[in-house]
Amino acid sequence: MQHMEYVGPAGDTTLFVNDGERLWLGRLCGATCGNYGEDTGPTATRGLALLVTSLGRFEGDDFKLAETAFDAHAARIAWSAGGGALRLESEWSFCPQTGVASRKDRLLNAGHEPVTVFRVQSRFAFPPGRYEVYGQESRWCNENQGAWIALHTGGLRFGGVPGRMTQGGTPYLCLRERKAERGLAFHVLPCGNWSIEVAGRAVMDGSPFAIVTLGLADDWLRLELAPGAALECPEILIQALPGGEPAAAAPRLHRWWQQKMSANQRAELPVVYNTWFDQFEVLDVPRLRGQLQAAKEIGCEVFVVDAGWYGPQAGDWFAQAGDWREKTDGAFWGKMAAFADEVRAAGLAFGLWMEPERFGRGVPIRQAHPDWFRPAAATFARIDLTDPDAYAYLKSEILRLVETYRLAWMKVDFNFELEPDAAGHELYGYYRAWHRLLDEIRQKHPETVFEGCSSGAMRLDLAILSHFDAHFLSDTVHPVDVLRIWQGALLRLPPGGLIKWAVMRTVGQTIPQYTKSLADSPAAIVAPCGAIWEPAETVDLDFAAAAAMGGVFGLSGDLASLPREDRSRLAEHVAFAREWRQVIRRSVAHLLTPPALKTEREGWVAVQLSDPASGTVLLFAYRLGDGSAAQRFVLRELDAAATYELAWHVPRGETPRTVPAGELMSAGVEVALLARHRAAVIVLRKAN
């Protein structure tokens, strides 16, 4: 009997057991597996994979151990199945600094005949008990809304809408035994549609085993593997839940991400102004010049023109997606390159919005090459990126825009569902090609920032984030919405990869209605209550700006309408964001208040961003509708031997002071905010 242990920083052990014929998990990131560490339960609880093919169903002892290799921080395991016709290879890595375990599986057709794959997923089983599951609902403007659900009977299945990886649910799940102070978090890094299933399997009158099966979705899967061909399964991350709480695991995930991305991640991203929340798709050049001057005054570094600039045919911006010829009868009247030069002359870089994957019915390329396209939602089509000619066309269109307009920033949106994959691949081939295309474009134009967007965050996961510089958090820009959605996002995503906007304007009774221009009437600072301006509400400027911090800072709305004193104050926030963006970019987040649903408008939100490189900490605290004017927040994982200097960015007038780390980690920091919907932003640096 051979045992191989991998121990995380908190003593969370992963234990492989090999008896010469079989291999199983005795423990996984500190959690006991199988039948109390033994591989003796029902077939559904045994083994580490589930495979269904035209050769049959394989689980448990159907897999024959073929190869094992272990070193200090990695493991490689291979099994055969189907009389040797199939080979499942599983590569594991264990991060000693964070305790995060990574698993990547590969299914190879080692036989001489084609094999059709109907299901290939990783499987983990846990001893009999009473379990509960944490999953996130995710809808437009309601992303990352998590809750615990009892695994009472039967099972639970999580997944997304075809092609929209975080519409419906997010590829993230936590499991713990009820009333236990430990558990596990699972992350799927999708390449194609995904699913996570948690099932209870009882034996006689005993409590049920908990069985987690996850990976590439199988609803429509019938992928044919030719002899010698392989299917690369999505990467799966597993991590311990300290105290059984999802929020407690987030900092370790963020550290793991920073280590993984450190070689190819930009150190900082510029502060961006985007035109969308000015008048949506209505682009009026004289008005845009006013926004450009205001953006320059405030300190923005990039001016991005959002949707509405393209489509020579009659129709609105949404219907004309896919026709990336510049408008000649509106917007810039065919002279957007000249406006881009104006932006650069003003000292800002120029950016542009595009939605590469969606093609409207009247788009000329669909008429010229109908074989390149596949039906999608409503009247739209997606391009078949597995076709080399279609792939080359789409890549050339993106490059044409980048090079024609000398783009410093491209916002890449995604506003439709791809529909079930009739080819039976669960969009596996499509997404492998899409990821490769993004990487090739970024390699060719490393000077250009590529922002991911998907009706906000309907396709925001760790996999897609690795192919963009950063991703938009949500289409709702109401400050309280942003804070609640941000809390849920931080459980599965790093803070430095999330783009948030502060959106505001000065208006009286008139606010811009979607698709209509605005009549200005200066009165008070207001922010949208969601993804559109109606309704809007008055907002404290500092609160709105602070809610957009803690990630990549951006602005939208009618900046030109703001009174001079408000533009001056906003410039101070931009200067702060620019000063601390490298710290924020590489930070890990500690959620000092529990994540809550967007519908919860009371209470406080507090997040600590810690920079492992410098030891600097940024504390963001927000009073929502809570009647309590002060709260105390205990900070985490500081340098215990250090003394920290505290300086307030918001609110103004606070006196800096120094406090020993021990006091900050025991008594905490008191934040007093005398009115509701106010914010505090505090910088904590080690005192010399």
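What the table shows:
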{"quantity": "Where labels lie 7 Å past Cα in the beta-carbon direction, separation of residue 5 and residue 207 in nm", "calculated": "2.5"}
{"quantity": "Correct choice for Cα extents along the principal axes in Å that was computed from the model, options (i) 140, 59, 52; (ii) 69, 66, 56; (iii) 75, 69, 43", "calculated": "(iii)"}
{"quantity": "Fraction of antiparallel bridges per DSSP, the chain only, in percent to nearest 5", "calculated": "85"}
{"quantity": "Chymotrypsin sites (Phe, Trp or Tyr not before Pro) within the range 587-688: DSSP coil, no more than 13 neighbouring Cβ in 10 Å", "calculated": "none"}
{"quantity": "Estimated inter-spin distance, residue 226 and residue 73, nm [label 7 Å along Cα→Cβ]", "calculated": "3.8"}
{"quantity": "Sparse-neighbour loop sites [GluC sites (Glu not before Pro); the range 106-182; at most 14 other C-beta within 10 Å; DSSP]", "calculated": "181"}
{"quantity": "Degrees separating the helix 479-490 axis from the principal Cα axis of the chain, which is the longest one", "calculated": "30"}
{"quantity": "Residue-wise HN-Hα coupling along the range 128-141, computed from phi with Karplus coefficients 6.51, -1.76, 1.60 (Hz; x: Gly, Pro)", "calculated": "x, x, 10, 10, 9, 10, 9, x, 10, 6, 8, 10, 3, 6"}
{"quantity": "Rounded tilt (10° steps) of 388-404 against the dominant C-alpha axis of the chain", "calculated": "30"}
{"quantity": "Stretch gain in nm, segment residue 403-residue 316, where the contour uses 0.36 nm per residue and the Cα spacing is subtracted", "calculated": "28.8 nm"}
{"quantity": "Rough spin-label spacing in nm, given labels placed 7 Å along Cα→Cβ, for residue 261 and residue 367", "calculated": "4.2"}
{"quantity": "Unsatisfied cross-links (Cα-Cα over 25 Å) in the set 296/335; 411/444; 296/395; 411/500", "calculated": "296/395"}
{"quantity": "Three-way shape call for the range 591-686 based on the alpha-carbon gyration tensor, with the a/c threshold at 1.5", "calculated": "prolate"}
{"quantity": "Using a Förster distance of 30 Å, the FRET efficiency for residue 657-residue 439 (Cβ separation, nearest 0.05)", "calculated": "0.05"}
{"quantity": "Dipole moment magnitude, nearest 20 debye, the chain about Cα centre, only Lys, Arg, Asp, Glu C-beta charged", "calculated": "740"}
{"quantity": "Between the range 371-414 and the range 131-171, the Cα center-to-center distance that results, in Å", "calculated": "30"}
{"quantity": "Under-5 Å amide H pairs with residue 678, H placed in peptide plane, nonlocal only", "calculated": "623"}
{"quantity": "Helix axis angle, 564-585 relative to the chain longest principal axis, alpha carbon, degrees", "calculated": "30"}
{"quantity": "Percentage relative contact order, the chain, counting C-alpha pairs under 8 Å, at least six apart", "calculated": "10"}
{"quantity": "Helix-only mean residue ellipticity at 222 nm for the chain, each DSSP H run of n ≥ 4 adding -39500 (n - 2.57), per residue, nearest 500", "calculated": "-6000 deg cm²/dmol"}
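Laboratory data are not the source of any read-out in this text; all were calculated from the coordinates shown. As the structure is a prediction and not an experimental result, all values here were calculated from the model. Please note: Cβ atoms are built from the backbone with ideal geometry, for glycine as well, and neighbour counts cover all protein chains shown.
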